[in-house]
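Step one of this worksheet: look at the structure below.
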Amino acid sequence: MNGVMVVVRYAKRAERQAERDDLAELIADFDKANGPADPEAVAAKQAMLTGAAHPGGVGGVSG
């Protein structure tokens, strides 16, 4: 692997880490303002967005 590819891969990793850090900060701000998110509601929304079945059919998605 040449030096340019190494730099590109490093830059992409750094960018992804910055995005994760930003997301973590947004979640912490949300939790501070609103309290922690309900895990069941989060799972239901995730299932709805990904098309995955959610136990109990919550969110209009049935298993």
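Every read-out reported here was derived from the displayed coordinates using simple, explicitly stated rules and does not represent laboratory data. The model shown is predicted, which means the values in this text are computed figures rather than measured ones.
Using 0.36 nm per residue, how much length does the chain from ALA41 to ALA18 gain when fully extended, once their Cα-Cα distance is taken away?
Working: separation 23, 0.36 × 23 = 8.28 nm, distance 2.68 nm.
Stretched fully, the ALA41-ALA18 segment lengthens by 5.6 nm.
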In whole Hz, with x marking every Gly and Pro, tabulate ³J(HN,Hα) for the range 6-23 from phi via Karplus 6.51 cos²θ - 1.76 cosθ + 1.60, θ = phi - 60°. 4, 5, 4, 4, 4, 4, 5, 4, 5, 5, 5, 5, 4, 5, 5, 4, 4, 5
If the chain between TYR10 and THR50 were fully extended at 0.36 nm per residue, the gain over the current Cα-Cα distance would be 11.5 nm
